[in-house]
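Q: Take a look at the following structure, please.
The values are calculated or read from the model by the stated rules, or taken from the named source; none is laboratory data. Please read these numbers as outputs of a predicted model, since none were measured by experiment. Don't worry about glycine lacking a Cβ; one is built from the backbone with ideal geometry, like all the others, and counts go over all protein chains shown. Note: accessible area is taken over every heavy atom of the protein model, side chains too, but ligands, DNA and RNA are not part of it. Shrake-Rupley method; radii C 1.70, N 1.55, O 1.52, S 1.80 Å.
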Amino acid sequence: SVSVRAIIATDMVNVAASLQKTSPTATAALGRALMGAVLLADGKKDGETVQLEFRGDGPAGPVIVVGDSSGKVRGYVTRPQADVPLRTVSPPKLDVGSLIGQGELYVIRYHPEDYFEPYRG
């Protein structure tokens, strides 16, 4: 079967950006990660969490977010003031890829009753 989910996360991203005082590009990176965690955790068992770790070689450092089955999410950018120039396309766009850099994405699932330790992939 196919499942489709959509969210409007403007307020969530604005609150996270305000709390962490992120640059515009770091706000975009954090917002995308937060939304990904919320969408991946939706529909999981009660108490289950999904953690995303973006560990690249870019100036932002790691971006880490955790979402749970109830729709709660939290996260941070290691260096929230880091920024990079806009991409030179028309119109110019935020360059989230350069801010994160080349690296690895870890997806970690954890449920206190089902997993002896978190599943990391």
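Q: Within region 73-87, is there a residue that is assigned to a strand (DSSP E or B), modelled with pLDDT under 95, within 13 Å of Pro24 (Cβ to Cβ) and not β-branched (Val, Ile, Thr)?
A: Keep residues of region 73-87 that are assigned to a strand (DSSP E or B), which gives 73-77, 87.
Subset that is modelled with pLDDT under 95: 87.
If we keep only those that are within 13 Å of Pro24 (Cβ to Cβ) as well, we get 87.
So of that shortlist, the ones also not β-branched (Val, Ile, Thr) come out as 87.
Yes: one or more hits.
Q: Being in contact with a helix residue (DSSP H, G or I) (Cβ under 6 Å, 6 or more places away or on another chain) and either within 25 Å of Val2 (Cα to Cα) or part of a helix (DSSP H, G or I) (or both): is that true of Gly58 here? It would help to see each step written out before you state the result.
A: On the way: in contact with a helix residue (DSSP H, G or I) (Cβ under 6 Å, 6 or more places away or on another chain): yes; either within 25 Å of Val2 (Cα to Cα) or part of a helix (DSSP H, G or I) (or both): no.
Considered against the rule, which asks whether it is in contact with a helix residue (DSSP H, G or I) (Cβ under 6 Å, 6 or more places away or on another chain) and either within 25 Å of Val2 (Cα to Cα) or part of a helix (DSSP H, G or I) (or both), Gly58 comes out as no.
Q: Out of all the residues in region 76-93, is one or more crowded, with 17+ Cβ neighbours inside 10 Å, among the hydrophobic types (A, V, I, L, M, F, W, C) and more than 15 Å from Glu53 (Cα to Cα)?
A: Yes, that holds for at least one residue.
Q: If you don't mind, there's one more thing I want to ask. Tell me which residues, restricted to region 104-121, are open to solvent by 60 Å² or more (accessible area, probe 1.4 Å) and not charged (D, E, K, R). Reasoning before the result, please.
A: We begin by selecting, within region 104-121, every residue open to solvent by 60 Å² or more (accessible area, probe 1.4 Å); these are 104-105, 109-110, 112-120.
Answer for region 104-121, where residues must be open to solvent by 60 Å² or more (accessible area, probe 1.4 Å) and not charged (D, E, K, R): Leu105, Tyr110, Pro112, Tyr115, Phe116, Pro118, Tyr119.
Q: Of the residues Val50, Val66, only one is closer than 20 Å to Arg5 by Cβ, touching a Ser or Thr at 6+ places or on another chain (Cβ under 6 Å) and outside any loop (DSSP other than H, G, I, E, B); which?
A: Details: Val50 fails: touching a Ser or Thr at 6+ places or on another chain (Cβ under 6 Å).
After ruling out the rest, the residue left standing is Val66.
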